[in-house]
Amino acid sequence: MTFDVIINSAEFNAAVASQAEPIMERKLNELTQIIVEEFSEPKSGRMYRRPSGGSYRASAPGESPAIRTGNLRDSISKPDVRREGRTVVGRIVIAAPYAEGLERGRGRVLPRPFVRPAIEELLGRRA
C-alpha cells in the first residue's frame, strides 16, 4: 500500500517560519546574554587607573573586552527577528563604533573577540 503526502509549499513554509521566529528570538537573547557574561569574566591584562578614581584590569589579547565604562555592553540592541519572504532574519546590532576593532583587532590593538566565541558557545549548547 502506498500513500502520497502532498505539502502545500506556501502553507508549509509559513508554518515553519512562524515556529522559527520565537526560536530565533530566544537563541539571539541567549547569544546576547553570553556576550555580556563574557565581559564580566576575570581579565588578565594590564591594570589602569580610571580618571574618576579607582582602577580596572584590561583584557589581554584573545580575551573578551573588559568593562571600563559599560558603553560597549549597553550598545548591544535587543534582537530584531522578522520574516522576509520565506526566510526568518534575526539581527543584533552592537552600535559602539569600536566594537568591530575589538572583535577583529585594529592597528596595534590585537583582537579581543567576544561575538565569535559567544556564537561558538551557543552552537555547542543543546537545544
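The values are calculated or read from the model by the stated rules, or taken from the named source; none is laboratory data. If you're wondering where the values come from, they're calculated on a predicted model, not measured in any experiment. No Cβ is skipped: glycine too gets one built from the backbone with ideal geometry, and neighbour counts run over all protein chains shown. Note: areas computed on protein heavy atoms with side chains; ligands, DNA, RNA excluded. Shrake-Rupley method; radii C 1.70, N 1.55, O 1.52, S 1.80 Å.
Couple of notes before you dig in:
- Top-ranked residue of region 1-34 - restricted to ones that are touching a residue at least 24 places away in the same chain (Cβ under 8 Å) and of a type in the set (A, V, I, L, M, F, W, C), ranked as farthest from Arg125 (Cα to Cα): Ala17
- Residues that are open to solvent by 100 Å² or more (accessible area, probe 1.4 Å) and either touching a residue at least 24 places away in the same chain (Cβ under 8 Å) or not in a helix (DSSP H, G or I) (or both) within region 100-127 comprise Arg106, Arg108, Arg126, Ala127, listed in sequence order.
- Residue in region 24-41 that is closer than 30 Å to Asn13 by Cα, open to solvent by 40 Å² or more (accessible area, probe 1.4 Å) and among the hydrophobic types (A, V, I, L, M, F, W, C) present: yes
- Residue check, Ile94 over 30 Å from Phe12 (Cα atoms) and in contact with a helix residue (DSSP H, G or I) (Cβ under 6 Å, 6 or more places away or on another chain): no
- Looking across region 45-80, the residues that are under 17 Å from Leu102 (Cβ atoms), assigned to a loop (DSSP other than H, G, I, E, B) and open to solvent by 80 Å² or more (accessible area, probe 1.4 Å) come down to Arg46, Arg68, Thr69.
- Failed criterion for Arg86 (all others in (1) in contact (Cβ under 8 Å) with a residue 60 or more places away in the chain; (2) open to solvent by 70 Å² or more (accessible area, probe 1.4 Å); (3) under 18 Å from Lys27 (Cα atoms) hold): (3)
- Taken as a whole, the condition of being loosely packed, with under 12 Cβ neighbours inside 10 Å and not in a helix (DSSP H, G or I) applies to Pro97.
- Only one entry in Glu11, Glu21 is exposed (fewer than 10 other Cβ atoms within 10 Å of the Cβ) and farther than 22 Å from Arg106 by Cβ, namely Glu11.
- Any hit, region 10-19, residues being of a type in the set (Asp, Glu), in a helix (DSSP H, G or I) and either under 30 Å from Ser59 (Cα atoms) or under 12 Å from the mean Cα position of the chain (by Cα) (or both): no
- Taking the criterion of being closer than 19 Å to Glu41 by Cα and either free of Cβ contacts under 8 Å to residues at least 40 places away in the same chain or touching a His at 6+ places or on another chain (Cβ under 9 Å) (or both), the residues of region 59-83 that qualify are Ala60, Ala66, Ile67, Arg68, Thr69, Gly70, Asn71, Leu72, Arg73, Asp74, Ser75.
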